[in-house]
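Trainee: Got a structure for you, questions after.
The values are calculated or read from the model by the stated rules, or taken from the named source; none is laboratory data. Only a predicted model underlies this, so the values are computations on that prediction, with no experimental measurement involved. A quick note on method: Cβ atoms are made from the backbone with ideal geometry, for glycine too, and the neighbour counts reach across all protein chains shown.
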Number of protein chains: 2
Amino acid sequence: MRIVQKFGGTSMGGVARIRETAAIVRREHERGHQLAVVVSAMAGETNRLLALAHEMDEYASPEETDVLLATGEQCSAALLAIELQRLGLKARSFTGAQAGLLTNNSHGRARIESIDPGHIVAALDDGCIAVITGFQGVDTAGRISTLGRGGSDTSAVALAIALKADACDIYTDVDGIYTTDPRIVPEARKIERISYEEMLEFASLGAKVLQTRSVGLAMKYRMPIHLRSSFHDVRGSMVCEEDEDMEKACVTGVAYNRNEAKITLQGIPDRPGIASGVFAPVSDADINVDVIVQNISEHGLTDITFTVSREDYPRTMEIMHQHCADMNAKGVAGSDDVAKVSIIGVGMRSHAGVAQTMFRTLADGGINIEMITTSEIKVTVVISERDVDKAIRLLHQAFELDAEQA
Amino acid sequence: MRIVQKFGGTSMGGVARIRETAAIVRREHERGHQLAVVVSAMAGETNRLLALAHEMDEYASPEETDVLLATGEQCSAALLAIELQRLGLKARSFTGAQAGLLTNNSHGRARIESIDPGHIVAALDDGCIAVITGFQGVDTAGRISTLGRGGSDTSAVALAIALKADACDIYTDVDGIYTTDPRIVPEARKIERISYEEMLEFASLGAKVLQTRSVGLAMKYRMPIHLRSSFHDVRGSMVCEEDEDMEKACVTGVAYNRNEAKITLQGIPDRPGIASGVFAPVSDADINVDVIVQNISEHGLTDITFTVSREDYPRTMEIMHQHCADMNAKGVAGSDDVAKVSIIGVGMRSHAGVAQTMFRTLADGGINIEMITTSEIKVTVVISERDVDKAIRLLHQAFELDAEQA
C-alpha cells in the first residue's frame with residue numbers, strides 16, 4: 001500500500017521523540033508500504049519563531065513571517081531523514097516547494113491550489129521514504145507560503161490525494177476519536193469508523209485531533225484518514241465514507257466546548273438586513289461567531305443571541321455597546337459562563353426523536369437549555385458551564401454510547 | 001551604484017544586532033545604491049544545528065545536514081527583511097535556490113556552478129532591497145546545498161559578479177586589514193588598497209577577515225571587495241587589482257599563525273615518489289599539510305619536514321610512526337611549539353633582497369629560523385612560538401610598515 005503518514009510537533013519534539021517516530025516509520029516500511037511522511041515543526045518551534053518575528057516587528061509581513069516559520073518544518077524533516085538513514089533506510093527530505101505543493105498568495109493562511117507530486121512519486125518508486133515538510137508550500141510567484149495553524153494535517157491529506165495513496169495515517173497522542181471525553185466519562189469508547197461529516201462536526205466542536213480543513217478535503221476526495229496513536233501500534237479511528245454499519249448507531253458521540261460566551265441584543269426592529277447589520281462589525285474585528293439564534297419576533301421587535309469564544313467576549317461586548325444605538329436595539333446582555341454540548345451522528349437523519357431525547361434527558365437532569373441549534377447530523381445546546389460534566393454523562397448514557405458498537 | 005553587501009553571523013546575532021545591520025543597509029540605500037544583501041546565520045546557529053544533526057547521527061548525511069543548516073540563513077534573511085520593511089523600505093528575502101545560485105553536488109562543501117540572477121535583478125530594478133541567504137544554493141537535482149564554512153563570503157562575491165555589481169562590501173567587526181595584528185604592534189596601520197594576491201596570502205595565513213575562496217573568485221572576475229566595519233562608517237580596505245601605487249611598498253604586511261606543529265621524517269631514501277609516499281596517509285586522514293621543506297640529500301638520504309595545525313599534531317605523529325618502517329625512515333621527530341610568520345607584498349617581485357632583510361632582521365634579534373618557504377609575493381619562516389611577538393615587531397619596523405603609505 002502507498003500511505004501518507006503525518007506526525008505532529010509532539011512526535012518531532014527533540015532527538016528522543018524523533019527516534020521513536022522513525023521507529024514507527026520503519027515498522028510500517030517493514031510491512032511493505034510505500035511511505036510519504038509529512039512532519040510538523042518541533043513542538044514549540046513555530047511559536048518561538050513567531051515570537052522572534054514579532055519581536056523584530058509586531059506587524060511583520062506575512063510573506064517574510066512565512067519564510068521564517070517554514071524553517072521549523074525544514075529542520076524536523078531533515079532530522080527525521082537523518083534518523084531514518086541511520087536506521088539503514090533510504091530516505092530524503094523535501095520542502096513544500098520541492099514536493100510541488102503550490103498554494104495561492106494568502107501568506108500565513110494559504111490554500112493549496114495544486115500538488116505536482118512528480119518528485120515524490122519518483123522517490124517512492126525508487127524505494128525511498130519521502131519526508132515532507134508539512135504546513136508549507138510555495139505560491140505562484142515562487143515565494144514560500146504557510147497554510148496556517150494545523151496546516152500539516154491539510155498538507156498530509158492533500159499529498160495523499162495527489163499521490164493516490166491508499167490512506168492518510170495521522171499519528172496523535174490519543175489512539176482515536178472517542179464517543180466523548182474519557183476524562184469526564186470513563187466508559188467512553190473509541191469509535192472505530194466515523195464518517196467525514198461526523199468528524200467535521202467533532203473537529204469544529206473542539207475535538208483537537210484533526211483540523212477541520214483537512215477533513216473537508218479528505219471528504220471531497222474520499223481519502224480515508226486513519227487517526228492513530230504514536231505510542232501504541234493499535235488500530236485507531238478510521239475517518240471514511242458513511243457505510244451501512246454506521247447507520248445502526250443514531251448518535252456517534254458527544255462533544256463539548258467550555259470556552260463559550262453568549263451575547264444577546266434585545267428588542268431590535270425585525271426587518272431584512274438586521275442580522276448582517278449586527279454581525280458586520282463583529283466580523284470586521286476578526287471575531288468568529290459560533291452559534292446564532294434569532295427568537296420569534298414580537299410586536300416587530302426581535303432578540304438575537306450568539307456565542308463567541310470566551311477570549312473574544314470583552315471585545316465583542318464593547319463592539320455591541322458601540323453599535324447598539326445604530327441598530328435601534330433596546331439593550332445588550334451577555335455572560336461568559338456558558339458552554340456548548342453537542343450530540344453528533346449521521347444516524348439522526350433516519351432516527352426521529354433524537355433531539356427530543358436529548359432535551360428530555362437534560363430536563364430530567366435539571367439542566368436548563370439556553371440556546372439550541374441543529375444541523376442534519378448534530379444537535380447543539382448552550383448551557384451553563386457548571387452543568388457540562390453532568391450533561392455529558394447523562395447524554396452518553398441516554399444514547400447508550402458505552403455499549404459495544406453493533 | 002549596484003552593491004552587494006555581506007553581513008556575517010555577528011551582525012545577525014539577535015534582534016538588536018539585526019536592527020543595527022538594517023540601519024547600515026538603510027544608510028547605503030539612502031546614498032542611492034541598489035542593494036543585494038547577503039547574510040549569514042545568526043552567530044552560533046550553524047554550530048547549534050550541526051550539533052543537533054550529530055546528536056541525531058554522528059554520520060548524518062551531508063545532503064540532509066545541508067537541509068538542516070540552510071534554515072539558519074533562511075531565518076536571518078527573513079528577520080532582516082522584516083526589519084527593513086519596518087523601516088519603511090521595500091525588501092524581500094531570497095533563499096539560495098530562489099536567488100538562482102546553482103552548485104555542484106558536493107554537499108557540505110559545494111562549489112558554485114552558476115548564478116541565474118533574474119529574480120534578484122527584477123527585484124532590484126523594482127526598487128526592492130534583496131536579502132539573500134549566504135552559504136547555500138541548490139544542486140543540479142534541486143536539493144539544497146551548502147558551500148562550507150565561510151561560504152557566505154563566496155556567495156556574496158559570486159552574486160556581485162553575476163549582478164555585475166560595482167563592488168562587494170564585506171562588513172566585519174574590524175575596519176579593514178592591517179599591516180599586522182594591532183594587538184602585537186600598536187603602530188600597525190590599516191591597508192587602504194591591497195591586491196587580490198596579497199589578500200589571498202593574508203587569508204590563507206590566518207587573517208580571518210575573508211575566506212580564501214571568495215578572494216580567488218573576486219580576483220578571477222576583478223570584483224573589488226570593500227572590507228569594512230559594521231560599527232563605523234569609515235572607508236575600510238579595498239581588495240582590488242594591483243596598481244602602480246602598490247608597487248611603492250615592497251612589503252604590505254606581516255601575517256602570523258601560532259597554531260602550528262612541525263614533524264620531521266629523518267633519513268629516508270631520496271628517490272622519486274618518496275614525498276607522495278609520506279603524504280598519502282596524512283591526506284587520507286583528512287589532515288591538511290601546510291609548509292613542506294625537503295633538505296638537501298646526503299649519502300642518498302634526505303629529511304622531510306612539514307607543518308600541520310596543532311590539533312592534528314598527535315594524529316599525524318601516530319600516522320608517521322605507523323608508516324616509518326614502510327618508508328625506510330630512520331626516525332620521526334616533531335614539536336608542537338612552533339609558529340609561522342610571513343611577510344607579504346606584491347612589491348617583492350621588483351625589490352631584490354627582501355627575503356635577505358627578513359632573515360637578517362630575525363638573526364639580529366636572536367631568533368632562530370627552523371624552516372623557510374617562499375613564493376613570488378611571500379616569505380614564510382617557521383620559528384619557535386615564544387619568538388612570534390618579537391619577530392612581528394622587528395619585521396614591522398624593518399619594513400617601515402608603520403610609516404604613512406606613499
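Trainee: Being acidic (Asp, Glu), buried (at least 16 other Cβ atoms within 10 Å of the Cβ) and part of a loop (DSSP other than H, G, I, E, B): is that true of A:GLU260 here?
Mentor: The answer is no for A:GLU260.
Trainee: Oh, and also: Which of the residues spanning segment A:136-149 are over 16 Å from the mean Cα position of the chain (by Cα) and part of a loop (DSSP other than H, G, I, E, B)?
Mentor: Once the filter is applied, which keeps residues that are over 16 Å from the mean Cα position of the chain (by Cα) and part of a loop (DSSP other than H, G, I, E, B), segment A:136-149 yields A:ASP139, A:THR140, A:ALA141, A:GLY142, A:ARG143.
Trainee: Please state which of the following conditions A:SER152 fails to meet, knowing it meets all the rest: (1) part of a helix (DSSP H, G or I); (2) at pLDDT 95 or above.
Mentor: (2)
Trainee: Only strands (runs of 3 or more DSSP E) wholly contained in segment B:167-254 count here; list those with 2 or more residues that are of a type in the set (A, V, I, L, M) and in contact with a helix residue (DSSP H, G or I) (Cβ under 9 Å, 6 or more places away or on another chain).
Mentor: Those strands (runs of 3 or more DSSP E) span B:167-172, B:225-229.
Trainee: Continuing with the same structure: Is there a residue in segment A:40-47 that is assigned by TED's automatic domain parsing to the domain that holds A:ALA130, in contact (Cβ under 8 Å) with a residue 24 or more places away in the chain, within 21 Å of A:HIS226 (Cβ to Cβ) and within 24 Å of the chain's Cα centre (by Cα)?
Mentor: Initially, segment A:40-47 is screened for residues assigned by TED's automatic domain parsing to the domain that holds A:ALA130, giving A:40-47.
If we keep only those that are in contact (Cβ under 8 Å) with a residue 24 or more places away in the chain too, we end up with A:40-46.
Now drop any that are not within 21 Å of A:HIS226 (Cβ to Cβ), which leaves A:40.
Of the ones still in play, those that are also within 24 Å of the chain's Cα centre (by Cα) are A:40.
Within segment A:40-47, one or more residues are assigned by TED's automatic domain parsing to the domain that holds A:ALA130, in contact (Cβ under 8 Å) with a residue 24 or more places away in the chain, within 21 Å of A:HIS226 (Cβ to Cβ) and within 24 Å of the chain's Cα centre (by Cα).
Trainee: Another one. Exactly one condition in (1) closer than 26 Å to A:ALA22 by Cα; (2) assigned to a helix (DSSP H, G or I); (3) more than 7 Å from chain A (Cβ to nearest Cβ) is false for B:LEU80; which is it?
Mentor: (1)
Trainee: Separate question: I'm told A:GLY96 meets every condition in (1) of a type outside the set (A, V, I, L, M); (2) assigned to a loop (DSSP other than H, G, I, E, B); (3) surrounded by fewer than 24 Cβ atoms within 10 Å (Cβ to Cβ) except one. Can you identify the failing condition by its number?
Mentor: Unmet condition: (3).
Trainee: Please tell me if B:ARG310 is touching an Asp or Glu at 6+ places or on another chain (Cβ under 7 Å) and closer than 18 Å to B:LYS262 by Cβ. I'd like the intermediate steps shown before the answer.
Mentor: Values: touching an Asp or Glu at 6+ places or on another chain (Cβ under 7 Å): yes; closer than 18 Å to B:LYS262 by Cβ: yes.
Criteria met by B:ARG310.
Trainee: Restricting the search to segment B:14-38, which residues are within 12 Å of chain A (Cβ to nearest Cβ) and either over 22 Å from B:ALA130 (Cα atoms) or outside any helix (DSSP H, G or I) (or both)?
Mentor: Once the filter is applied, which keeps residues that are within 12 Å of chain A (Cβ to nearest Cβ) and either over 22 Å from B:ALA130 (Cα atoms) or outside any helix (DSSP H, G or I) (or both), segment B:14-38 yields only B:GLY14.
Trainee: Within the bounds of segment B:367-389, is there any residue that is buried (at least 20 other Cβ atoms within 10 Å of the Cβ), in contact (Cβ under 8 Å) with a residue 60 or more places away in the chain, in a loop (DSSP other than H, G, I, E, B) and on the phi < 0 side of the Ramachandran plot?
Mentor: Within segment B:367-389, one or more residues are buried (at least 20 other Cβ atoms within 10 Å of the Cβ), in contact (Cβ under 8 Å) with a residue 60 or more places away in the chain, in a loop (DSSP other than H, G, I, E, B) and on the phi < 0 side of the Ramachandran plot.
Trainee: Of everything in segment A:134-146, what is touching a strand residue (DSSP E or B) at 6+ places or on another chain (Cβ under 7 Å) and aliphatic (A, V, I, L, M)? Give them in sequence order.
Mentor: Listed by number, the residues that qualify are A:VAL138, A:ILE144.
Trainee: Looking at B:THR154, is it within 19 Å of the chain's Cα centre (by Cα) and farther than 30 Å from A:SER145 by Cβ?
Mentor: It is false that B:THR154 is within 19 Å of the chain's Cα centre (by Cα) and farther than 30 Å from A:SER145 by Cβ.
Trainee: Read through the list (1) away from chain A (no Cβ under 11 Å); (2) assigned to a helix (DSSP H, G or I), then give the number of the only condition that B:LEU52 fails.
Mentor: (1)
Trainee: Next up: For residues in segment A:68-77 being within 7 Å of another protein chain (Cβ to nearest Cβ) and of a type in the set (S, T, N, Q), which is nearest to B:LEU80 (Cα to Cα)?
Mentor: A:THR71
Trainee: Applying the selection to segment B:352-379, what residues are at pLDDT below 90 and out of contact with any helix residue (DSSP H, G or I) (no Cβ under 9 Å at 6 or more places or on another chain)?
Mentor: Selection gives B:ALA352, B:GLY353, B:GLN356, B:GLU370, B:MET371, B:THR373.
Trainee: Within segment A:151-167, can you find the residues that are crowded, with 19+ Cβ neighbours inside 10 Å and either closer than 16 Å to A:THR212 by Cα or among the acidic types (Asp, Glu) (or both)?
Mentor: A:GLY151, A:SER152, A:ASP153, A:THR154, A:SER155, A:ALA156, A:VAL157, A:ALA158
Trainee: I need the full set of residues from segment B:39-49 which are in a helix (DSSP H, G or I), buried (at least 18 other Cβ atoms within 10 Å of the Cβ) and not hydroxyl-bearing (Ser, Thr, Tyr), in order please. It would help to see each step written out before you state the result.
Mentor: Here is the first cut: in segment B:39-49, the ones in a helix (DSSP H, G or I) are B:45-49.
Subset that is buried (at least 18 other Cβ atoms within 10 Å of the Cβ): B:45-46, B:49.
Across segment B:39-49, the qualifying residues are B:GLU45, B:LEU49.
Trainee: Count, please, the residues in segment A:88-100 that happen to be among the charged types (D, E, K, R) and within 8 Å of another protein chain (Cβ to nearest Cβ). Give the derivation first.
Mentor: Here is the first cut: in segment A:88-100, the residues among the charged types (D, E, K, R) are A:90, A:92.
Now drop any that are not within 8 Å of another protein chain (Cβ to nearest Cβ), which leaves A:92.
Number satisfying all stated conditions: 1.
Trainee: In the list A:VAL291, A:VAL215, A:VAL278, A:VAL282, which residue meets the criterion of being outside the structural domain of A:ILE319 (by TED's automatic domain parsing) and touching a strand residue (DSSP E or B) at 6+ places or on another chain (Cβ under 8 Å)?
Mentor: A:VAL215 is the lone residue from the list that is outside the structural domain of A:ILE319 (by TED's automatic domain parsing) and touching a strand residue (DSSP E or B) at 6+ places or on another chain (Cβ under 8 Å).
Trainee: I've got another one for you. (1) part of a strand (DSSP E or B); (2) at pLDDT 90 or above: which one isn't true of A:GLN397, the others all being true?
Mentor: (1)
Trainee: Anything in segment A:101-135 that is within 26 Å of the chain's Cα centre (by Cα) and either within 11 Å of chain B (Cβ to nearest Cβ) or in a strand (DSSP E or B) (or both)? List them, or say none.
Mentor: Across segment A:101-135, the qualifying residues are A:LEU101, A:LEU102, A:THR103, A:ILE112, A:GLU113, A:SER114, A:ILE115, A:ALA130, A:VAL131, A:ILE132, A:THR133.
Trainee: Regarding B:GLN85, is this residue within 12 Å of another protein chain (Cβ to nearest Cβ), farther than 15 Å from B:ALA36 by Cβ and without any contact (Cβ under 8 Å) to a residue 60 or more places away in the chain?
Mentor: Here the answer is yes, as B:GLN85 does meet what is asked.
Trainee: On to the next question. Name the residue, out of B:MET238, B:MET199, that is in contact (Cβ under 8 Å) with a residue 12 or more places away in the chain, touching an Asp or Glu at 6+ places or on another chain (Cβ under 8 Å) and not assigned by TED's automatic domain parsing to the domain that holds B:GLY72.
Mentor: B:MET238 is the lone residue from the list that is in contact (Cβ under 8 Å) with a residue 12 or more places away in the chain, touching an Asp or Glu at 6+ places or on another chain (Cβ under 8 Å) and not assigned by TED's automatic domain parsing to the domain that holds B:GLY72.
Trainee: Return only the number of the condition from (1) within 29 Å of the chain's Cα centre (by Cα); (2) within 18 Å of B:TYR256 (Cβ to Cβ) that B:GLY365 does not satisfy.
Mentor: Tallying (1) within 29 Å of the chain's Cα centre (by Cα); (2) within 18 Å of B:TYR256 (Cβ to Cβ), B:GLY365 fails exactly one: (1).
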